[in-house]
Amino acid sequence: MSGTISATMVNHVAMDMAAPADAVWQAILDDYVEAKKFLEHGTVASLDDPAAVLGGYRMRFEQNGVVDERVVHITERDEAARRLSAMADYLSVPGGMRVYATYHAQEIDGGTRYAIDCHSQLSVDMPAGDARAGMAATLAEMTAGADTHLLAYLTAIKARVEADA
């Protein structure tokens, strides 16, 4: 069997930060509602789309020769819970990828826990041989890579908000 298969990858990461929950929440809003982290490397344009009720944008940047182009819809913004959810279509990923992500600044003793939960749907090349075992190995590798990327992001946010605290 060859070709591609639709697969779902799930990531849950969190990091405790010695900073007020409001500071971590503001970092989430800056990065994902205002798209400030993307403006540093490329272009961001607001969506003129009636479906983008809570906001959204189209962004594009290139880093290390890799193009990243996405359409992002904010799907939930709960100020009281300090929780933001978004849906992003990654246009530059071959076969496409859709990510549903929730960013949450949870107050804990001594600071804040910044948690990210992502569910990603994407096309994956069908592995040769034992397809089930090959797919499990492929998804495990992809999940580990995404976890590493998300934890690096959280580490950078931790440094930023703790320096300002």
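The values are calculated or read from the model by the stated rules, or taken from the named source; none is laboratory data. The structure presented is a predicted model; accordingly, all values stated were derived computationally and were not measured. When we count neighbours, we look across all protein chains shown, and the Cβ atoms used for this are built from the backbone with ideal geometry, even at glycine. The protein model used for the area step is the full one, side chains on, heavy atoms only, and it has no ligands, DNA or RNA in it. Shrake-Rupley method; radii C 1.70, N 1.55, O 1.52, S 1.80 Å.
Listed values, structure above:
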quantity	calculated
Contacts under 7 angstrom Cβ, first residue in the stretch 84-100 being more than 13 Å from Ser123 (Cβ to Cβ), partner β-branched (Val, Ile, Thr) and exposed (fewer than 14 other Cβ atoms within 10 Å of the Cβ), 6 or more apart	Ser92/Val67
Failed criterion for Asp68 (all others in (1) over 14 Å from the mean Cα position of the chain (by Cα); (2) at pLDDT below 95; (3) at negative phi; (4) not polar (S, T, N, Q) hold)	(1)
Tally of residues being among the aliphatic types (A, V, I, L, M), outside any loop (DSSP other than H, G, I, E, B) and either under 24 Å from Asp109 (Cα atoms) or without any contact (Cβ under 8 Å) to a residue 12 or more places away in the chain (or both) across the stretch 15-59	9
Wholly enclosed strands (runs of 3 or more DSSP E) of the stretch 82-162 bearing at least 1 residues open to solvent by 30 Å² or more (accessible area, probe 1.4 Å), farther than 20 Å from Glu34 by Cα and in contact with a strand residue (DSSP E or B) (Cβ under 8 Å, 6 or more places away or on another chain)	97-108, 111-125
Residues (under 17 Å from Ala88 (Cβ atoms) and of a type outside the set (A, V, I, L, M, F, W, C)) located in the stretch 31-54	Asp31, Tyr32, Glu34, Lys36, Lys37, His41, Gly42, Thr43, Ser46, Asp49
